[in-house]
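Everything below concerns the one structure shown next.
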Amino acid sequence: MNLSRIVLGVALGALVTACNTDQKPQATVTSTTSANSSDTLATAAVADIVYINSDSLLSNYEYFKDARTRFQSKTQKAEKDLQAKAAAFEKDVQNYQRTGGNMTVEQRASTEQKLSQRQQQLQQQSQTTGNQLATEEAEEMKKIYDRVEAYLQKLSQERGYKMVLTYSRGQSAILYGDNSLDITQEVLAGLNSEYDQEKTAATTKEPAAKKK
């Protein structure tokens, strides 16, 4: 019997793809000079339509960074587990190939059946793990988008925005946008402030829970 090596692949999806954005050139957000800063703020305050640089938002949003770290840790742990089981399986296959000639027909048939079952189990585990990670990734991304959407709804009500567009370098319907309409940094500051308050509140509750 010729048992091939198992190729272990874990689907990481959009979140891990986004994790690599730190290594890619980021779209820069330019601002007006101080001489025009007051005019810019006035213009942004009354604008009906504004836009956000999604590249800058994700790469600098602290909640996203923490989510990325958690997901990377979980993925690495899953991959390490699969790789360890695959290495043990391959070792047993090599051992069988060395000693199989000394076995009886019945022993060889039994050993090959067990190895085949282990191979199928490893392949199934790899697929199941990939599906679980993909599901968790989708859920985490939904949480991120929900948080951003909720903040934008609140900000739009405060500022009177009728529409907030998204801009991503090389992938956008916005071919040009005046810098005065770019609210990326303002939104980013607000989101990070809210998240920082959440973490502070959670940290404060932990000691109280331990005392009980």
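Structure values in brief
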read-out	value
Whichever residue in the range 148-170 is basic (K, R) and within 16 Å of I183 (Cβ to Cβ) and, among such residues, is nearest to the chain's Cα centre (by Cα)	K154
Criterion (modelled with pLDDT under 95, within 26 Å of S56 (Cβ to Cβ), outside any helix (DSSP H, G or I) and of a type in the set (A, V, I, L, M)) met by exactly one of L155, L165	L165
Out of Q124, Q94, Q117, sole residue that is at pLDDT 50 or above and under 30 Å from K143 (Cβ atoms)	Q124
Qualifying residue in the range 93-115 (condition: among the charged types (D, E, K, R), under 30 Å from Q72 (Cβ atoms) and in a helix (DSSP H, G or I))	no
Residue in the range 134-143 that is open to solvent by 30 Å² or more (accessible area, probe 1.4 Å), of a type outside the set (K, R) and free of Cβ contacts under 8 Å to residues at least 24 places away in the same chain present	yes
Qualifying residue in the range 45-54 (condition: closer than 30 Å to Q171 by Cβ, open to solvent by 90 Å² or more (accessible area, probe 1.4 Å) and part of a helix (DSSP H, G or I))	yes
Count - residues of the range 84-133 that are in contact (Cβ under 8 Å) with a residue 60 or more places away in the chain, aliphatic (A, V, I, L, M) and within 30 Å of F71 (Cα to Cα)	3
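The values are calculated or read from the model by the stated rules, or taken from the named source; none is laboratory data. Note that the structure is a prediction, hence the values are computed from the model and not measured. Glycine gets a Cβ as well: all are built from the backbone with ideal geometry, and neighbour counts include every protein chain shown. These area figures cover heavy atoms from the full protein model, side chains too; ligands, DNA and RNA do not enter into them. Shrake-Rupley method; radii C 1.70, N 1.55, O 1.52, S 1.80 Å.
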